[in-house]
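Read through the structure below, which is laid out as structure tokens, and then see the notes.
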Amino acid sequence: MSDLVIYIVIAVAVVALGVAVWFGLVAGRRGRDVTAPPEPSTVEAPEAPAEEAAPAAPVLERPAPAAGRLERLRARLARSQSTLGRGLLAVLSRDRLDESTWEEIENALLTADVGVAPTQELVDQLRSRLRVEGGSADPAVAQTALREELVRLADPTMDRSLGVEGAHGQPGVVLVVGVNGTGKTTLVARIARMLVAEDKSVLLGAADTFRAAAVEQLATWGQRVGVETVRGPEGGDPASVGFDTVKRGIDEGIDTVLVDTAGRLHTKAGLMDELGKVKRVIEKQAPITEVLLVIDATTGQNGLTQARVFAEVVDVTGIALTKLDGTAKGGIVIQVQRELGVPVKLVGLGEGADDMAPFEPETFVDALLGD
Ligand code: GDP
């Protein structure tokens, strides 16, 4: 009897095991069916963080030094400006230099935004130097005279050094101002790169708190060369960002602090309030060593009008003329310096990270004349 019970128990166990195995297989297959589609994602999942982790240790860029940059970028300048230079040389080399020739020269200079007074001066100088009314000028003599007179108008005697050094152990403080879209943020980043190339420590202040994209752009540019950016809350007080940046610069013994500002040219009074406050608040910490006004060379007379407004609001100490690669109106360099009595210190010649150079009158004129 007990043997029978044992047999029955064994038989039930075998059947139960069989059923269990069968269910297991089916369930297993079903389970795989269910999980089949996400399989790739379970494979990919561990890779995703690995990919994200990669930029955590970025390789810092080593920017090109500023010295000799204009020479390197000269081809770009020559490409955009050569119509003026070659045109002038061609006219001056004609068989007859009569009244209509001088008018042509005047028009070419005015079209290139040299400005009325400098154009008149240049023509008068050339006329008296070449003294060949109705006759022809020796092309070589004409070229030399034109080159010298253009260089004189671009004024090589102006001090074009950037005020990036502070006194008494304080950082140099550079305030960058100008209308939005002129290339302000790009310029701040480019100056930072130039200073990093000179082994200077730099801190950026994103005081254009009204444009989150500008703040982000500046911080990203900075990161590429290992430079930090101080930012405030979106729409926050630009002056307090300026203050915090300079304070941190002093605390950390930074060489140069660069502050990007908001360029909302809503009303002159509004601009004055905002920029005036940024300046006052910063100067509670350390003197501002350079106020750079950024002007987009492609905007011509409009750019000049804006420049006048800014110059009334803050003491501009230098001009950065951007986008000279995109216009044949390079004469604006001469006009803007004359108008504001402030030297052009930097020129922008492209969209690349290092497409900015210290301005040099002789190299500029040589590029203009396609020399
Ligand atoms: P912001 O609004 O004044 O800060 O101007 P951004 O720095 O954002 O620049 C506006 C646009 O101008 C961007 O697309 C820049 O790449 C471009 N830009 C800036 N400088 C130059 C330059 O020298 N040449 C050219 N071609 N583009 C430039």
In the range 181-208, residue farthest from the ligand (Cβ to nearest atom) [restricted to those that are among the charged types (D, E, K, R) and touching a strand residue (DSSP E or B) at 6+ places or on another chain (Cβ under 9 Å)]: K200
Top-ranked residue of the range 274-303 - restricted to ones that are of a type outside the set (A, V, I, L, M) and within 16 Å of the ligand (Cβ to nearest atom), ranked as surrounded by the most Cβ atoms within 10 Å (Cβ to Cβ): G303
Tally of residues being within 15 Å of S161 (Cα to Cα) and part of a strand (DSSP E or B) across the range 322-349: 4
Qualifying residue in the range 76-98 (condition: within 16 Å of the ligand (Cβ to nearest atom), small (G, A, S), part of a helix (DSSP H, G or I) and touching a Ser or Thr at 6+ places or on another chain (Cβ under 8 Å)): yes
Among (1) within 16 Å of the ligand (Cβ to nearest atom); (2) at pLDDT 95 or above - the single one G178 does not satisfy: (2)
Counted residues, the range 350-371 - those being within 14 Å of the ligand (Cβ to nearest atom) and either buried (at least 24 other Cβ atoms within 10 Å of the Cβ) or part of a helix (DSSP H, G or I) (or both): 2
Residues (within 12 Å of the ligand (Cβ to nearest atom) and without any contact (Cβ under 8 Å) to a residue 40 or more places away in the chain) located in the range 312-328: L321
Search result, residues across the range 209-239 that are within 16 Å of the ligand (Cβ to nearest atom), under 19 Å from E274 (Cβ atoms) and in contact with a Ser or Thr (Cβ under 6 Å, 6 or more places away or on another chain): A214, L218, P238
Residues of the range 233-246 that turn out to be within 22 Å of E290 (Cβ to Cβ) and of a type outside the set (S, T, N, Q), as a count: 7
Top-ranked residue in the range 259-273 [being part of a helix (DSSP H, G or I) and away from the ligand (no atom under 15 Å from the Cβ); ranked as farthest from the chain's Cα centre (by Cα)]: A269
Cβ-Cβ under 6 Å pairs, at least 6 apart or on other chains, the range 329-348 side assigned by TED's automatic domain parsing to the domain that holds G303, far side among the polar types (S, T, N, Q) and crowded, with 24+ Cβ neighbours inside 10 Å: G330/Q81; G348/T322
Positions within the range 337-349 being more than 14 Å from the ligand (Cβ to nearest atom) and farther than 19 Å from V174 by Cβ, in sequence order: Q337, R338, E339, G341
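The values are calculated or read from the model by the stated rules, or taken from the named source; none is laboratory data. Computed from a prediction, not measured in an experiment: that's the story for all the values here. Every residue, glycine as well, gets a Cβ built from its backbone with ideal geometry; the counts of neighbours run over all protein chains shown.
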